[in-house]
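**Q** Below are the structure tokens for one structure; questions will follow.
The values are calculated or read from the model by the stated rules, or taken from the named source; none is laboratory data. Everything quoted here is computed from the prediction, not taken from an experiment. Cβ: placed from backbone, ideal geometry, glycine included. Neighbour counts: every protein chain shown. Ligands, DNA and RNA are stripped out before the accessible areas are found, and what is left, the full protein with its side chains, is counted by its heavy atoms. Shrake-Rupley method; radii C 1.70, N 1.55, O 1.52, S 1.80 Å.
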Amino acid sequence: MLLLSQSLIADTLIVHQLLEASESFKRSNIDSMEFYANKALIESDRLNFSRGRSLSQRTLASALFNKGYFKEAKEKVYQALNSLKQIGTPSEYANAQNLLGLIFMNEGNYFIADSVYKQALNSYSIAKDNLGIAKVHHNLGVVAFYRNDLEESVSYYLQAVHEADKLDELELSAQISTNLGLVFTTQKDFGRAIIYLQKALEKYNKTNDFKGKAKTLSGIGTAYFNKAQYDSSFQYHNRALLIFEQINDLSGRSESLNNLAEVLIEKEDFKGALSLLQISDSLRKISGDAYGLAITAKNFGKAYSGLGMSSLAENSFNNAFVKASDLSADWLLAEILLSRSQFFESQGDFRKALQDWKARTLINEEIYSKERTQTIAELETRFKSEKSRADLAMRDKQIIVLEKEGQKLEILVILIISISLLAGAFAFFIQNKNQLKHKNNLAIAAKDLQIEKNQKELEEKRREAAENELLISANQQEQIKSELNFKKRELTQLALYINQQNEALESLRNELSGLKPGENKKLERELEQRLNISKQREAFEMNVDLMNEDFYHRLSTRYPILTENDKKLCAMIRLGLSSKEIASIVNISPKSVDMNRYRLRKKMNLETEEELGQFLMKI
């Protein structure tokens, strides 16, 4: 019997060693972490070791979560919670609760995550697990950040960093420094954000937490992105991607690829951005990251829009809108509506642009309303909790007084008197509470009516401003279009006039061919001076250059090899001038113009059947 017990202890010790090995790879190699967790689970099943099975399920859930498999991770952690509640220690149960909160948070279910974290905090407090308490305070700070409650986020972070430093937990302190940097990034204080993130990076360099280091690098990349320093941003996001690939972190890889794509979109490298987005999208589909897929779809829309693929861009924005709607992620929905509104405006579809702008405004108001309701609910919960603690404290004091009396009769009398007093006080409290509640309800109703009235007035003003802005924009565009058409007609008329003057001059040259050479050249000079052809040519070329500045820029971007003369030729072809008219203006032969047109087609890699003038009108 003794030998059997010693053998069982040795076997269960192997399970714990496998779990320790699994946890040791958490920051460096997620595949190895998953491998050892699975081995521990198999060994626990073989031994029918229930607690080992539960701990193995929790560790395996952690590995799956770190790889981005949220659905599978949630299934495992629920299995662990069901058994650890009965057979685990308070700290083990709290660890599983904390992991469940992480999963809900990464799925975008912030209010559920907040509730689960607070349950974990209670379990850690019962266990007097100070490290667990620090971790949960940190996670509550993250949830508050995602809910856009930055003051509460900073409060939790400061509490957590104090606890982490007290415990000499370098990795946790580095994580909190990273997240403080992200808060400052959100507040657009990018200088302070980078300082905190660089401090976190220094701490991570002293540890084996590769994932934490990668997340910090990504945070620095985001700060530089918001400062519009895109080269620095690309460098840091790329360093983060290399680490995520090294530790096989699916979620981190997909997020870094998306971040790099956003940088390329800002740098107008839309083809490069599409390539990265396609890889990110594939990884997020594998991990079931619905939130990430909505963000990727929005960025697909931006990239396609930049390439002029309007139909694909609109489909991508619509896809992003549907995904965000399914997630009930209001702030992301508002961001997608803003991007789609800007896209419709760029396409000249001002009606749809205005519709999306109005929808975004309504969502922002709903977010504000939800936050206000949540704040009221939290205040009510805190009030009830504080009242309950006060009641318990009062009861404890009464018991101490009764114990000192020592007389059963006196205790009985005091109890009867206390109960009577409490009953009377309770009745009085209930009556006053109902009256106060009625008054508060009336006051809240009046305030809500006033707020609703103010919101409607504000919304009306916003709508009027938006409509006026769009109307002004449309009028300005129409005016610019009219001015451009007028300029184009002016240039065309000037070109025809120069051509007629050249023809007249050529005709006179032929008629004067019988004169002596010296007299002929003298007359030609006089004719040119009177006809003022050279100045007219200069005026024509100057006006062509001024009118086509944007066109020249687009040409240079798409075809850097084009010369200044090539671009001027393109502009005259866009005006609809023939080779003969162009030859007359630039003072060369029509055959030379045709040769220049042929060379231009070669530089642009145009097909033979494609008409050059129509092609240039599309640029």
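**Q** How would M542, M595, M572 rank on accessible area, largest to smallest, probe 1.4 Å? Mind showing how you got there, number by number?
**A** Working: M542 115, M595 90, M572 15 Å².
Putting M542, M595, M572 in descending order of accessible area: M542, M595, M572.
**Q** Okay, next question. Between Q278 and D31, what is 0.36 nm times their sequence separation minus the Cα-Cα distance? Round to one decimal in nm. Walk me through the numbers before you get to the answer.
**A** Values: separation 247, 0.36 × 247 = 88.92 nm, distance 2.39 nm.
Full extension of this stretch gives 86.5 nm more.
**Q** So what does T608 come to for accessible area, using a 1.4 Å probe and Å² rounded to 10?
**A** The value for T608 is about 120 Å².
**Q** Arrange the residues K206, K199 by how much accessible surface each exposes, largest first, with a 1.4 angstrom probe. Each step should come with its number before you reach the end.
**A** Details: K206 160, K199 105 Å².
The most accessible residue leads, giving K206, K199.
**Q** Let me ask you something else. Once each part is reduced to its C-alpha centroid, what is the distance from the range 174-219 to the range 306-364 in angstrom?
**A** Each part's Cα centre sits 32 Å from the other's.
**Q** Please work out how much accessible surface W331 shows to a 1.4 Å probe, ignoring ligands, DNA and RNA, in Å² rounded to 10.
**A** 110 Å²
**Q** Could you list, in their original order, any pairs among K74/K227; K199/K227; K135/K211 whose Cα atoms are separated by more than 26 Å? Don't skip to the answer; put the middle values down first.
**A** Values: K74/K227 37 Å; K199/K227 19 Å; K135/K211 16 Å.
The answer is K74/K227.
**Q** Follow-up question, since we're still on this one. Calculate, for A21 and Q235, the FRET efficiency according to 1/(1 + (r/R0)^6) with r their C-beta to C-beta distance and R0 41 Å; round to the nearest 0.05.
**A** E between A21 and Q235, to the nearest 0.05, is 0.70.
**Q** Considering all alpha-carbon pairs of the range 40-141, what whole percent are spaced by more than 25 angstrom? Kindly include the intermediate steps, with their values, before the conclusion.
**A** Numbers: 751 of 5151 pairs.
That tail contains 15 percent of the Cα-Cα pairs.
**Q** If you don't mind, another one. Probe 1.4 Å, all protein chains in place: accessible area of T296 in Å², nearest 10?
**A** Rounded to the nearest 10, the figure is 0 Å².
**Q** Ranked by accessible surface with a 1.4 Å probe, highest first, in what order do H138, H16 come? Intermediate results must be reported in sequence, preceding the final value.
**A** Details: H138 10, H16 60 Å².
If we order H138, H16 from most to least accessible, we get H16, H138.
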